[in-house]
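Since the structure comes first, as structure tokens, the remarks are kept for the end.
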């Protein structure tokens, strides 16, 4: 089951989907990330928006389990408008 929901953007509720910024992989609720270096806790980073439940470290980056690309955590949350511009955003990320 892919993650979807609503977030407040500029005071308005917007739908979002969680997708890898590079390959558009949709993580599911069964996937886990590890706090390393850190406390070693395993958890789903999208349940907490990158906040480790073991030690409280806020992870600003997330690695895709599909393509292994590391990108800013906030770039995984896509609204329909941001998804439309994804090809340009992907090119900008890949040129870094």
Exercise. How much length is gained if the chain between residue 31 and residue 51 is pulled fully straight, taking 0.36 nm per residue apart and subtracting their Cα-Cα distance, in nm to one decimal?
Worked result: 5.7 nm
For this session: Evaluate the distance, in nm, between pseudo-label points positioned 7 Å from the Cα of residue 74 and of residue 59 along their respective Cα→Cβ axes.
Result: 1.8 nm
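Read-outs throughout are calculated quantities, based only on the coordinates presented, and are distinct from any laboratory measurement. These numbers come from a predicted model, not from an experiment. Positions of Cβ are generated from backbone atoms using ideal geometry, with glycine treated the same way; all protein chains shown enter the neighbour counts.
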